[in-house]
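The values are calculated or read from the model by the stated rules, or taken from the named source; none is laboratory data. Not measured: the values here are computed from a predicted model. Glycine gets a Cβ as well: all are built from the backbone with ideal geometry, and neighbour counts include every protein chain shown.
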């Protein structure tokens with residue numbers, strides 16, 4: 001609530017929508033990559049002679065983790081731009097494209113596409129693994145019959161989204177700090193150094209700051225994601 005009041009006082013209603021354009025564009029690209037990879041891998045594993053006899057849950061989990069791995073290479077630059085747009089105190093970047101091109105010119109493609117990649121992989125692989133795996137299991141379970149057919153993707157998608165965030169939220173905190181840096185600060189922003197600094201500043205609780213809001217957002221976001229898929 002304190003953060004909400006602070007943003008409202010300093011920036012007004014528009015402050016809550018800072019970076020929303022980059023997030024919408026980025027999420028469209030990321031979800032397209034993750035969902036298509038997951039669907040392709042399920043089909044591949046089901047017909048491959050080495051894996052076609054695997055239990056259904058194992059097939060779902062392997063496909064889901066691969067989706068997270070592939071999507072990480074898209075997520076990294078997309079979220080770098082989104083983080084910088086949301087965190088800017090002045091109008092340093094005129095638009096998402098201006099931010100993208102500015103970082104590309106200043107730091108080169110290597111930094112744009114790899115800064116935070118390690119943390120992103122550590123987040124996306126288990127997160128998408130839980131996300132698609134749990135949703136697939138729930139949709140194939142007897143629980144589907146307990147709710148109207150149209151509501152099942154919404155409810156189970158929301159639950160899967162919340163579950164996917166719980167174990168990896170601390171990694172997301174670290175990743176966000178790493179990506180919210182310019183070229184001069186990058187040398188001091190490794191995963192380990194950021195983790196140590198977070199712990200020194202706030203203990204274990206610092207890694208879960210804002211989790212309640214993230215879970216609420218995750219339920220709504222992923223309910224509509226699967227509901228429209």
### Task
Please tell me if residue 83 is closer than 27 Å to residue 164 by Cα, modelled with pLDDT of 85 or more and within 14 Å of the chain's Cα centre (by Cα).
no
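Quick check, is residue 57 part of a helix (DSSP H, G or I), free of Cβ contacts under 8 Å to residues at least 24 places away in the same chain and loosely packed, with under 14 Cβ neighbours inside 10 Å?
Values: part of a helix (DSSP H, G or I): yes; free of Cβ contacts under 8 Å to residues at least 24 places away in the same chain: no; loosely packed, with under 14 Cβ neighbours inside 10 Å: yes.
In short, no.
Scan 110, 116 and give me the residue that is at pLDDT below 90 and on the phi > 0 side of the Ramachandran plot. Spell out the reasoning first.
Values: 110 fails: on the phi > 0 side of the Ramachandran plot.
Selected residue: 116, the only one of 110, 116 that is at pLDDT below 90 and on the phi > 0 side of the Ramachandran plot.
Filter the stretch 60-75 down to the residues that are within 16 Å of the chain's Cα centre (by Cα), touching a residue at least 60 places away in the same chain (Cβ under 8 Å) and crowded, with 22+ Cβ neighbours inside 10 Å and list them by number. Walk me through it before giving the result.
Taking the stretch 60-75 first, the residues within 16 Å of the chain's Cα centre (by Cα) are 64-75.
Adding the requirement that they be touching a residue at least 60 places away in the same chain (Cβ under 8 Å) leaves 64-65, 67-68.
Of everything in the stretch 60-75, those that are within 16 Å of the chain's Cα centre (by Cα), touching a residue at least 60 places away in the same chain (Cβ under 8 Å) and crowded, with 22+ Cβ neighbours inside 10 Å turn out to be 64, 67, 68.
Taking residue 148 as the residue in question, decide whether it is outside any helix (DSSP H, G or I) and modelled with pLDDT of 90 or more. If you could, list the steps in order and put the result at the bottom.
Details: outside any helix (DSSP H, G or I): yes; modelled with pLDDT of 90 or more: yes.
When the stated conditions are applied, residue 148 passes them.
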### Looking only at the stretch 161-191, and only at residues there that are at pLDDT 90 or above and out of contact with any helix residue (DSSP H, G or I) (no Cβ under 6 Å at 6 or more places or on another chain), the one that is farthest from residue 214 (Cα to Cα)
167
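Could you tell me which of the residues 127, 57 is at pLDDT 90 or above, farther than 27 Å from residue 216 by Cβ and touching a helix residue (DSSP H, G or I) at 6+ places or on another chain (Cβ under 8 Å)?
On the way: 127 fails: farther than 27 Å from residue 216 by Cβ.
Criteria check complete, one pass: 57.
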### Query
Which members of the stretch 125-143 meet the condition of being surrounded by 15 or more Cβ atoms within 10 Å (Cβ to Cβ) and either without any contact (Cβ under 8 Å) to a residue 60 or more places away in the chain or not in a helix (DSSP H, G or I) (or both)?
127, 134, 138, 139
